[in-house]
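Okay, so here's the structure we're looking at.
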Amino acid sequence: MTKDFALVPLTEEMLPRVLELEKLCFSLPWSRDAFLPELTDPACCWLAALADGEVAGYAGMRTVLDEGYISNIAVSPAFRKRGFGMALVQALQREGEKRGLSFLTLEVRVGNREARRLYERAGFREVGLRPGYYEKPREDALLMTYDYPEGDKAV
Ligand SMILES: CC(C)(COP(=O)(O)OP(=O)(O)OC[C@H]1O[C@@H](n2cnc3c(N)ncnc32)[C@H](O)[C@@H]1OP(=O)(O)O)[C@@H](O)C(=O)NCCC(=O)NCCS
(Lines give C-alpha, C1' and ligand atoms only; values in the text may rest on other atoms or scores of the structure.)
Protein backbone atom coordinates (compact mmCIF):
# COMPACT_ATOMS: atom_id res chain seq x y z
CA MET A 1 0.00 0.00 0.00
CA THR A 2 1.28 3.47 -0.91
CA LYS A 3 2.19 5.69 2.06
CA ASP A 4 -0.16 8.49 1.05
CA PHE A 5 -3.37 6.54 0.40
CA ALA A 6 -6.90 7.82 0.95
CA LEU A 7 -10.44 6.80 0.11
CA VAL A 8 -12.60 9.82 -0.67
CA PRO A 9 -15.96 10.51 -2.34
CA LEU A 10 -15.59 10.61 -6.14
CA THR A 11 -16.16 14.16 -7.43
CA GLU A 12 -16.87 15.73 -10.81
CA GLU A 13 -13.33 17.19 -10.86
CA MET A 14 -11.95 13.62 -10.86
CA LEU A 15 -14.02 12.50 -13.85
CA PRO A 16 -11.45 13.26 -16.61
CA ARG A 17 -8.98 10.88 -14.93
CA VAL A 18 -11.74 8.33 -14.22
CA LEU A 19 -12.80 8.38 -17.89
CA GLU A 20 -9.19 7.72 -18.92
CA LEU A 21 -9.09 4.74 -16.58
CA GLU A 22 -12.46 3.51 -17.88
CA LYS A 23 -11.01 3.39 -21.40
CA LEU A 24 -7.90 1.59 -20.17
CA CYS A 25 -9.81 -0.97 -18.12
CA PHE A 26 -13.03 -1.74 -20.03
CA SER A 27 -14.00 -2.55 -23.64
CA LEU A 28 -17.29 -0.68 -23.09
CA PRO A 29 -16.28 2.32 -20.92
CA TRP A 30 -18.86 4.42 -19.12
CA SER A 31 -19.27 7.99 -20.44
CA ARG A 32 -19.18 11.26 -18.49
CA ASP A 33 -22.98 11.45 -18.93
CA ALA A 34 -23.34 8.03 -17.31
CA PHE A 35 -21.18 8.97 -14.30
CA LEU A 36 -22.32 12.53 -13.61
CA PRO A 37 -25.87 11.93 -12.31
CA GLU A 38 -24.63 9.03 -10.16
CA LEU A 39 -22.26 11.30 -8.20
CA THR A 40 -25.07 13.34 -6.67
CA ASP A 41 -27.72 10.60 -6.45
CA PRO A 42 -28.29 9.72 -2.78
CA ALA A 43 -29.07 6.12 -3.81
CA CYS A 44 -25.48 5.82 -5.09
CA CYS A 45 -22.08 5.83 -3.45
CA TRP A 46 -18.91 6.43 -5.50
CA LEU A 47 -15.44 6.39 -3.98
CA ALA A 48 -12.00 7.18 -5.32
CA ALA A 49 -8.75 5.67 -4.09
CA LEU A 50 -6.09 8.39 -4.09
CA ALA A 51 -2.40 7.49 -4.15
CA ASP A 52 -0.15 10.48 -3.59
CA GLY A 53 -3.11 12.67 -4.60
CA GLU A 54 -3.71 10.85 -7.90
CA VAL A 55 -6.87 8.84 -8.66
CA ALA A 56 -5.53 5.28 -8.67
CA GLY A 57 -8.91 3.57 -8.65
CA TYR A 58 -12.62 4.02 -8.06
CA ALA A 59 -15.73 2.03 -7.28
CA GLY A 60 -19.42 2.67 -7.04
CA MET A 61 -22.67 1.12 -6.00
CA ARG A 62 -26.38 1.82 -6.30
CA THR A 63 -28.90 0.91 -3.62
CA VAL A 64 -32.58 0.04 -4.00
CA LEU A 65 -34.34 -0.35 -0.65
CA ASP A 66 -32.14 -2.84 1.26
CA GLU A 67 -30.36 -4.12 -1.87
CA GLY A 68 -26.97 -2.94 -3.10
CA TYR A 69 -25.53 -3.33 -6.61
CA ILE A 70 -21.84 -2.71 -7.25
CA SER A 71 -21.87 -0.93 -10.62
CA ASN A 72 -18.20 -0.57 -11.30
CA ILE A 73 -14.72 -0.97 -9.85
CA ALA A 74 -11.36 -0.34 -11.47
CA VAL A 75 -7.79 0.22 -10.40
CA SER A 76 -5.18 1.74 -12.71
CA PRO A 77 -2.86 -0.97 -14.09
CA ALA A 78 0.03 0.98 -12.53
CA PHE A 79 -1.46 0.60 -9.04
CA ARG A 80 -2.74 -2.98 -9.08
CA LYS A 81 -1.80 -5.73 -6.61
CA ARG A 82 -1.29 -3.29 -3.76
CA GLY A 83 -4.63 -3.80 -2.01
CA PHE A 84 -6.44 -0.81 -3.56
CA GLY A 85 -9.15 -3.02 -5.10
CA MET A 86 -9.82 -4.72 -1.77
CA ALA A 87 -9.85 -1.37 0.06
CA LEU A 88 -12.50 -0.09 -2.36
CA VAL A 89 -14.70 -3.20 -2.09
CA GLN A 90 -14.47 -3.19 1.70
CA ALA A 91 -15.33 0.52 1.82
CA LEU A 92 -18.50 -0.17 -0.22
CA GLN A 93 -19.29 -3.09 2.10
CA ARG A 94 -18.98 -0.76 5.12
CA GLU A 95 -21.14 1.89 3.41
CA GLY A 96 -23.75 -0.79 2.70
CA GLU A 97 -23.68 -1.81 6.34
CA LYS A 98 -24.31 1.80 7.39
CA ARG A 99 -27.24 1.95 4.96
CA GLY A 100 -28.74 -1.24 6.43
CA LEU A 101 -28.42 -3.34 3.27
CA SER A 102 -29.30 -7.03 3.32
CA PHE A 103 -26.91 -7.86 0.52
CA LEU A 104 -24.53 -6.47 -2.07
CA THR A 105 -24.49 -8.04 -5.51
CA LEU A 106 -22.64 -7.64 -8.82
CA GLU A 107 -21.95 -9.09 -12.25
CA VAL A 108 -18.47 -10.07 -13.41
CA ARG A 109 -17.19 -11.62 -16.65
CA VAL A 110 -16.64 -15.33 -16.08
CA GLY A 111 -13.13 -14.94 -17.52
CA ASN A 112 -12.16 -12.04 -15.21
CA ARG A 113 -10.07 -14.05 -12.76
CA GLU A 114 -8.55 -11.04 -10.93
CA ALA A 115 -11.94 -9.54 -10.17
CA ARG A 116 -13.51 -12.90 -9.24
CA ARG A 117 -10.68 -13.61 -6.76
CA LEU A 118 -11.04 -10.14 -5.28
CA TYR A 119 -14.77 -10.58 -4.69
CA GLU A 120 -14.29 -14.09 -3.28
CA ARG A 121 -11.70 -12.80 -0.82
CA ALA A 122 -14.17 -10.07 0.18
CA GLY A 123 -16.80 -12.72 1.02
CA PHE A 124 -18.89 -12.72 -2.17
CA ARG A 125 -20.19 -16.09 -3.40
CA GLU A 126 -21.33 -17.24 -6.82
CA VAL A 127 -25.12 -17.26 -7.05
CA GLY A 128 -25.94 -17.45 -10.76
CA LEU A 129 -25.04 -16.93 -14.39
CA ARG A 130 -26.40 -14.57 -17.06
CA PRO A 131 -25.53 -16.29 -20.36
CA GLY A 132 -24.15 -13.95 -23.06
CA TYR A 133 -24.67 -10.88 -20.84
CA TYR A 134 -21.52 -9.02 -21.96
CA GLU A 135 -20.48 -7.77 -25.39
CA LYS A 136 -17.07 -6.87 -26.83
CA PRO A 137 -16.38 -9.78 -26.47
CA ARG A 138 -19.63 -11.66 -25.84
CA GLU A 139 -19.27 -13.50 -22.54
CA ASP A 140 -21.37 -14.86 -19.69
CA ALA A 141 -21.76 -12.87 -16.48
CA LEU A 142 -21.31 -14.53 -13.17
CA LEU A 143 -23.56 -13.14 -10.43
CA MET A 144 -21.85 -12.81 -7.07
CA THR A 145 -23.47 -11.75 -3.80
CA TYR A 146 -22.29 -10.74 -0.36
CA ASP A 147 -24.91 -11.28 2.37
CA TYR A 148 -24.68 -9.09 5.47
CA PRO A 149 -24.89 -11.05 8.69
CA GLU A 150 -28.31 -10.47 10.32
CA GLY A 151 -26.71 -8.67 13.28
CA ASP A 152 -25.03 -6.11 10.99
CA LYS A 153 -28.27 -4.60 9.75
CA ALA A 154 -29.22 -1.22 11.11
CA VAL A 155 -32.50 -1.17 13.07
C1 LIG B 1 -10.07 -6.35 -10.36
C2 LIG B 1 -9.22 -5.18 -9.91
C3 LIG B 1 -10.13 -4.01 -9.50
C4 LIG B 1 -8.36 -5.59 -8.71
O5 LIG B 1 -7.66 -4.44 -8.23
P6 LIG B 1 -6.32 -4.56 -7.36
O7 LIG B 1 -6.08 -3.22 -6.78
O8 LIG B 1 -5.22 -5.17 -8.14
O9 LIG B 1 -6.78 -5.57 -6.20
P10 LIG B 1 -5.95 -6.00 -4.91
O11 LIG B 1 -4.58 -5.38 -4.94
O12 LIG B 1 -6.79 -5.73 -3.71
O13 LIG B 1 -5.85 -7.57 -5.11
C14 LIG B 1 -5.24 -8.11 -6.27
C15 LIG B 1 -4.16 -9.12 -5.91
O16 LIG B 1 -3.01 -8.46 -5.38
C17 LIG B 1 -2.62 -9.08 -4.15
N18 LIG B 1 -2.01 -8.06 -3.31
C19 LIG B 1 -2.64 -7.08 -2.60
N20 LIG B 1 -1.72 -6.31 -1.97
C21 LIG B 1 -0.51 -6.81 -2.30
C22 LIG B 1 0.81 -6.44 -1.98
N23 LIG B 1 1.08 -5.39 -1.19
N24 LIG B 1 1.84 -7.16 -2.51
C25 LIG B 1 1.59 -8.22 -3.32
N26 LIG B 1 0.33 -8.62 -3.67
C27 LIG B 1 -0.69 -7.92 -3.16
C28 LIG B 1 -3.92 -9.62 -3.60
O29 LIG B 1 -3.70 -10.65 -2.66
C30 LIG B 1 -4.56 -10.13 -4.87
O31 LIG B 1 -3.99 -11.38 -5.22
P32 LIG B 1 -4.84 -12.51 -6.02
O33 LIG B 1 -5.35 -11.87 -7.28
O34 LIG B 1 -3.83 -13.58 -6.27
O35 LIG B 1 -5.95 -12.92 -5.08
C36 LIG B 1 -8.24 -4.74 -11.06
O37 LIG B 1 -7.55 -5.87 -11.53
C38 LIG B 1 -8.93 -4.03 -12.22
O39 LIG B 1 -9.14 -2.82 -12.20
N40 LIG B 1 -9.29 -4.77 -13.29
C41 LIG B 1 -9.88 -4.18 -14.49
C42 LIG B 1 -11.27 -3.69 -14.23
C43 LIG B 1 -12.18 -4.83 -13.80
O44 LIG B 1 -12.10 -5.93 -14.32
N45 LIG B 1 -13.07 -4.51 -12.84
C46 LIG B 1 -14.02 -5.50 -12.32
C47 LIG B 1 -15.29 -5.44 -13.08
S48 LIG B 1 -16.48 -6.61 -12.47
Handout entry: Semi-axes of the equivalent ellipsoid for the chain, Cα gyration tensor, largest first, Å
Key = 22, 20, 16
Practice task
Place a +1 charge on the Cβ of each Lys and Arg in segment 89-138 and a -1 charge on the Cβ of each Asp and Glu, then give the dipole magnitude about the Cα centre in debye, rounded to the nearest 20.
Solution key: 100
Completion exercise
Taking protein heavy atoms only, a 1.4 Å probe, and rounding to whole percent, the accessible area of segment 5-152 owed to carbon and sulfur comes out at 52
Handout entry: Surface per residue (accessible, 1.4 Å probe) for segment 1-120, Å²
Key = 51
Problem - HN-Hα J in Hz across segment 8-25 - Karplus 6.51, -1.76, 1.60, θ = phi - 60°, x for Gly and Pro - result: 9, x, 6, 10, 4, 5, 7, 4, x, 5, 4, 5, 4, 5, 4, 5, 6, 9
Exercise for the section: As a check on your grasp of the helix formula, calculate [θ] at 222 nm for the chain: sum -39500 (n - 2.57) over DSSP H runs of n ≥ 4, divide by the residue count, round to the nearest 500. Expected result: -8500 deg cm²/dmol
Exercise for the section: Could you tell me the distance between the Cα centroids of segment 90-152 and segment 28-46, to the nearest Å? Expected result: 19
Problem - Karplus-derived 3J(HN,Hα), 6.51/-1.76/1.60, for each residue of segment 110-121, Hz, glycine and proline x - result: 4, x, 8, 4, 4, 5, 4, 5, 4, 5, 4, 5
Practice task
Report, for the chain, the % of DSSP beta bridges that are antiparallel, rounded to 5.
Solution key: 90
Handout entry: Residue-wise HN-Hα coupling along segment 62-70, computed from phi with Karplus coefficients 6.51, -1.76, 1.60 (Hz; x: Gly, Pro)
Key = 10, 10, 9, 6, 9, 10, x, 10, 6
Exercise for the section: Let me see the pair-distance distribution of segment 1-66: every alpha carbon pair, 5 Å bin width, integer percents in order. Expected result: 4, 16, 28, 23, 17, 9, 3, 0
Problem - Most mobile listed residue (MET14, MET61, MET144) in the chain, GNM with C-alpha springs under 10 Å - result: MET14
Problem - Selection of trypsin sites (Lys or Arg not before Pro), segment 39-144, meeting DSSP coil and at most 13 other Cβ within 10 Å - result: LYS81, ARG138
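The values are calculated or read from the model by the stated rules, or taken from the named source; none is laboratory data. Nothing here was measured: the structure is a model prediction, and the numbers come from that model. Glycine gets a Cβ as well: all are built from the backbone with ideal geometry, and neighbour counts include every protein chain shown. Note: accessible area is taken over every heavy atom of the protein model, side chains too, but ligands, DNA and RNA are not part of it. Shrake-Rupley method; radii C 1.70, N 1.55, O 1.52, S 1.80 Å.
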